[in-house]
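What follows is a set of notes on a single structure, which appears directly below.
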Amino acid sequence: MSRRVALVTGAARGIGAATVLRLAREGYAVLAVDRAADDPDLPYPMGGADELAAVVKAAREHSAEVEAHVADVRDPDAVAGAVAEGENRWGGLDVAIAAAGVIAGGVPLWEVPPEQEQAVLEVNLNGVLHLARAAVPALLRRPRPRSGRFLALASAAATRGLPMLAAYCAAKAGVAGLIRALGVELGESGVTANAVSPGSTDTPILAESARLYDLPEAAAFAAQQPVRRLLEPAEVASVLAFLAGPGSSAMTGAVVPVDGGLAL
Ligand SMILES: NC(=O)c1ccc[n+]([C@@H]2O[C@H](COP(=O)([O-])OP(=O)(O)OC[C@H]3O[C@@H](n4cnc5c(N)ncnc54)[C@H](O)[C@@H]3O)[C@@H](O)[C@H]2O)c1
């Protein structure tokens with residue numbers, strides 16, 4: 001198989017970073033995309049430029065073809081620019097993974113500051129739409145027979161009613177609906193669309209969720225999951241890597257739980 005080219009958003013840390021590393025280990029060329037700066041609408045830190053650079057450095061130990069690209073998924077032009085960068089640099093695109101995500105809430109929906117609600121919807125839902133609009137045509141520009149993959153991070157929140165996280169639940173349910181429809185639209189093209197729904201995974205977004213729920217630490221979420229532990233980002237990345245590969249060709253429009261049984 002010739003080298004596959006992937007673009008991953010939310011790449012500076014957490015699940016996105018683990019996915020960059022995993023795909024690099026599998027020999028992909030990877031464009032690692034992140035806003036790499038705090039979001040003024042949100043009260044907790046985003047991944048930084050230093051973290052993005054560290055992910056790229058670690059990934060380059062496995063694949064020379066890994067590059068950082070700073071783009072805000074709230075900005076459709078910036079997302080289109082990232083897709084163009086990956087396609088131009090490596091001659092095409094095979095995989096686009098929307099992992100950028102943020103959380104806010106901690107109070108009832110009607111009390112959430114509007115700018116926080118807007119940020120949650122714009123990053124978690126519009127960000128995925130922006131990536132689909134830019135990346136799917138690039139995936140379809142690969143000649144047949146192709147094995148393009150559009151992947152998104154949904155959440156257990158896509159199907160559960162999580163109090164104090166209503167906008168996050170709405171955005172993630174939106175991602176699940178988008179993936180189902182996109183999978184059908186892509187039909188026989190050789191490009192598929194799938195999502196994973198992680199359970200509580202040990203990353204900064206979970207630490208922020210713990211703060212929003214007044215929990216002492218993120219580890220408290222482990223009790224909700226039948227496996228009785230938090231998941232590691234690499235465990236989610238390994239499922240994303242399977243979905244990114246040609247071996248997932250029978251799957252499209254699927255929203256796959258990777259949640260230690262949380263949804264059961
Ligand atoms: N960790 C969990 O328990 C969990 C559970 C379910 C779903 N998820 C989802 O998995 C995805 C990855 O989350 P994570 O756990 O790695 O979180 P994280 O906070 O560790 O990482 C998120 C990354 O996205 C980046 N980002 C945020 N806004 C951005 C923007 N506008 N443009 C570009 N990049 C931006 C951040 O800088 C950060 O590097 C998210 O979509 C999240 O909702 C996580």
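Pro226 falls short on exactly one of the conditions (1) in a loop (DSSP other than H, G, I, E, B); (2) touching a helix residue (DSSP H, G or I) at 6+ places or on another chain (Cβ under 9 Å); (3) over 26 Å from Val8 (Cα atoms), and that condition is (2).
Among the small types (Gly, Ala, Ser), open to solvent by less than 50 Å² (accessible area, probe 1.4 Å), out of contact with any strand residue (DSSP E or B) (no Cβ under 6 Å at 6 or more places or on another chain) and over 30 Å from Gly91 (Cα atoms): which single residue out of Ala134, Ala170, Ala138, Ala157 fits that description? Only one candidate qualifies: Ala157.
Within the range 154-182, residues that are without any contact (Cβ under 8 Å) to a residue 60 or more places away in the chain and outside any helix (DSSP H, G or I) have Cβ atoms under 8 Å from residues that are among the β-branched types (Val, Ile, Thr) and surrounded by fewer than 18 Cβ atoms within 10 Å (Cβ to Cβ) in these pairs: Met164/Val107, counting only partners at least 6 apart in sequence or on another chain. Consider Ala219 carefully, then state whether it is open to solvent by 10 Å² or more (accessible area, probe 1.4 Å), out of contact with any strand residue (DSSP E or B) (no Cβ under 9 Å at 6 or more places or on another chain) and within 16 Å of the ligand (Cβ to nearest atom). So Ala219 passes the test.
Residues of the range 189-213 that are in contact (Cβ under 8 Å) with a residue 60 or more places away in the chain and away from the ligand (no atom under 13 Å from the Cβ): Thr192, Ala193, Asn194.
Quick check on this structure: which one of Val239, Val258 is β-branched (Val, Ile, Thr) and near the ligand (Cβ under 10 Å from one of its atoms)? Walk me through it before giving the result.
Values: Val239 fails: near the ligand (Cβ under 10 Å from one of its atoms).
Going through Val239, Val258 in turn, the sole match is Val258.
Could you check the range 54-104 and list, in sequence order, the residues that are crowded, with 17+ Cβ neighbours inside 10 Å and of a type in the set (S, T, N, Q)? Scanning the range 54-104 gives a single hit, Ser63.
Looking only at the range 174-185, which residues are surrounded by fewer than 24 Cβ atoms within 10 Å (Cβ to Cβ) and out of contact with any Ser or Thr (no Cβ under 6 Å at 6 or more places or on another chain)? Before the answer, list the steps.
In the first step, residues of the range 174-185 are kept if they are surrounded by fewer than 24 Cβ atoms within 10 Å (Cβ to Cβ); the result is 174, 176-178, 180-185.
Of everything in the range 174-185, those that are surrounded by fewer than 24 Cβ atoms within 10 Å (Cβ to Cβ) and out of contact with any Ser or Thr (no Cβ under 6 Å at 6 or more places or on another chain) turn out to be Gly174, Ala176, Gly177, Leu178, Arg180, Ala181, Leu182, Val184, Glu185.
Restricting the search to the range 61-89, which residues are closer than 22 Å to Ala119 by Cβ and of a type outside the set (A, V, I, L, M, F, W, C)?
Initial filter on the range 61-89 (closer than 22 Å to Ala119 by Cβ): 69-82.
Matches in the range 61-89: His69, Asp72, Arg74, Asp75, Pro76, Asp77, Gly81.
Restricting attention to the range 110-153, the residues that are closer than 15 Å to Val79 by Cβ, assigned to a helix (DSSP H, G or I) and within 16 Å of the ligand (Cβ to nearest atom) add up to 14.
One line per residue, one yes/no per condition, for (1) more than 8 Å from the ligand (Cβ to nearest atom); (2) of a type in the set (Val, Ile, Thr); (3) open to solvent by less than 20 Å² (accessible area, probe 1.4 Å); (4) under 17 Å from the mean Cα position of the chain (by Cα):
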{"position": "Ala6", "(1), (2), (3), (4)": "yes, no, yes, yes"}
{"position": "Thr9", "(1), (2), (3), (4)": "no, yes, yes, yes"}
{"position": "Arg13", "(1), (2), (3), (4)": "no, no, no, yes"}
{"position": "Leu23", "(1), (2), (3), (4)": "yes, no, yes, yes"}
{"position": "Glu26", "(1), (2), (3), (4)": "yes, no, no, no"}
{"position": "Ala29", "(1), (2), (3), (4)": "yes, no, yes, no"}
{"position": "Arg35", "(1), (2), (3), (4)": "no, no, no, yes"}
{"position": "Ala49", "(1), (2), (3), (4)": "yes, no, no, no"}
{"position": "Leu52", "(1), (2), (3), (4)": "no, no, yes, yes"}
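Filtering the range 232-242 to residues that are in contact (Cβ under 8 Å) with a residue 12 or more places away in the chain and open to solvent by 10 Å² or more (accessible area, probe 1.4 Å) leaves Glu232, Pro233, Ala234, Glu235, Ser238, Val239.
The values are calculated or read from the model by the stated rules, or taken from the named source; none is laboratory data. Just so it is clear, the structure is predicted and the values come from calculations on it, not from any experiment. For neighbour counting, all protein chains shown are included, and Cβ atoms are generated from backbone atoms with ideal geometry for every residue, glycine included. Areas reflect the complete protein model, heavy atoms only, side chains present, ligands, DNA and RNA absent. Shrake-Rupley method; radii C 1.70, N 1.55, O 1.52, S 1.80 Å.
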